[in-house]
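Here's the structure, in structure tokens; my notes come after.
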Amino acid sequence: MIRVLIADDEALMRAGIRLILENADDVKVVAEAGDGREAAEACRVQEIDVALLDIQMPGRDGIAAAEDIVRLSPRTHVVMLTAFGEEASVTRALRAGASGFLLKDTGPADLIRAVQLAARGEPVLAPRITRRLLDRHVRTGRDTEAARRRLAGLTPAELDVLRLLAEGLSNAEIAGRLHLSAGTVKAHISRILTRTDCANRVQAAVLAHDAGLVDED
């Protein structure tokens, strides 16, 4: 059972998300929060697999909460909820350790699927955000040389996996493309995260773009 926290300052939004997730047999909403501080505390004292955080909340916002949750509850995968046009905040959340992003108008089936993917450590990036995010924000002021130094310890095989990960492929898709087993891909990704000091695969994808490992065209 995937244990989920919903954090949003609008009670109606929380109720709507809960109603959708309760239709999934393998998802259980175990906590709600109205601000970032409550969300981080809930993740600290409970076993939360996926935290859905609104970026904009009063007091301690979703980005600050993401930083707290990554530090206090490493097992929890943080997925940000954002309105279209908030891409600047998305970059900050990536750096804070968020595992993915959903637009608030995401359909019910896609929301459930996103929670399931996040619980497995798979990337959750709304297609309408991804390209604009990478083009407009991640590349802004990036330190390419610093990023390349962080990749210097990776093997050629690990670089191949990281390149496809940064293009948004799932573990199964990477395995198929490189003719590897899913277990081998998972092991490569685990080593990549350790060697590059990335909290999750989304941060690793950003690092790959910063280093110029991915063709931006």
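The values are calculated or read from the model by the stated rules, or taken from the named source; none is laboratory data. Keep in mind it's a predicted model, so treat the numbers as computed, not measured. Here Cβ is always computed from backbone atoms with ideal geometry, including for glycine, and neighbour counts include all displayed protein chains. When the accessible area is computed, the model is the full protein with side chains, heavy atoms only, and any ligands, DNA or RNA have been set aside. Shrake-Rupley method; radii C 1.70, N 1.55, O 1.52, S 1.80 Å.
For this structure, a couple of remarks:
- Coordinate range along principal axes, alpha carbons of segment 2-125, Å, largest first: 33, 31, 28
- Summarising the amide proton neighbourhood of residue 29: residues at separation of 5 or more, or on other chains, whose placed amide H is nearer than 5 Å comprise 4.
- C-alpha long axis of helix 201-210 to longest principal axis of the chain, angle in °: 50
- Cβ charges +1 (Lys, Arg) and -1 (Asp, Glu), total dipole of segment 1-128, debye: 320
- Among the protein heavy atoms, those of residue 77 account for about 50 Å² of accessible surface (1.4 Å probe, every chain in place).
- Shown for segment 2-125: the carbon plus sulfur share of the solvent-accessible area, taken with all protein chains present and a 1.4 angstrom probe, equals 49%.
- Rounded tilt (10° steps) of 36-45 against the dominant C-alpha axis of the chain: 80
- CD proxy at 222 nm, helix term only [per DSSP H run n ≥ 4: -39500 (n - 2.57); per residue of the chain; nearest 500]: -15500 deg cm²/dmol
- Taking the Cα centre of the chain as origin and assigning +1 to Lys and Arg Cβ atoms and -1 to Asp and Glu Cβ atoms, the resulting dipole is close to 620 debye.
- Solvent-accessible area per residue in the chain equals 47 Å², computed with a 1.4 angstrom probe and all protein chains kept.
- Vicinal HN-Hα couplings computed from phi for segment 67-81 (Karplus, 6.51 cos²θ - 1.76 cosθ + 1.60; Hz; Gly/Pro x): 4, 5, 5, 4, 6, 8, 9, x, 6, 7, 8, 9, 10, 8, 9
- The chain: angle of helix 87-96 to the longest principal axis, Cα-based, in degrees nearest 10: 80
- Counting protein heavy atoms only, segment 135-211 has 50 percent of its accessible area on carbon and sulfur, 1.4 angstrom probe.
- The residue list 101, 21, 194 was ranked by how far each Cα lies along the charge dipole of the chain toward its positive end, using unit charges on Cβ atoms, and 194 comes out on top.
- A 1.4 Å probe over all protein chains sorts 73, 170 by accessible area into 170, 73, starting with the largest.
- Within the assembled protein chains, the solvent-accessible surface assigned to residue 45 is about 90 Å², based on a 1.4 Å probe.
- Ordering 49, 26 by accessible surface, largest first, gives 26, 49; the 1.4 Å probe counts only protein heavy atoms, with every chain in place.
- In this structure residue 32 has an accessible area near 70 Å², from a 1.4 Å probe over the protein heavy atoms.
- Length released on extending from residue 75 to residue 157, taking residue separation times 0.36 nm less the Cα-Cα span: 26.8 nm
- Given charges at Cβ of Lys, Arg, Asp, Glu: the chain dipole, positive-most of 59, 34, 156: 156
- Solvent exposure, largest accessible area first (probe 1.4 Å, DNA, RNA and ligands not counted), of 61, 54: 61, 54
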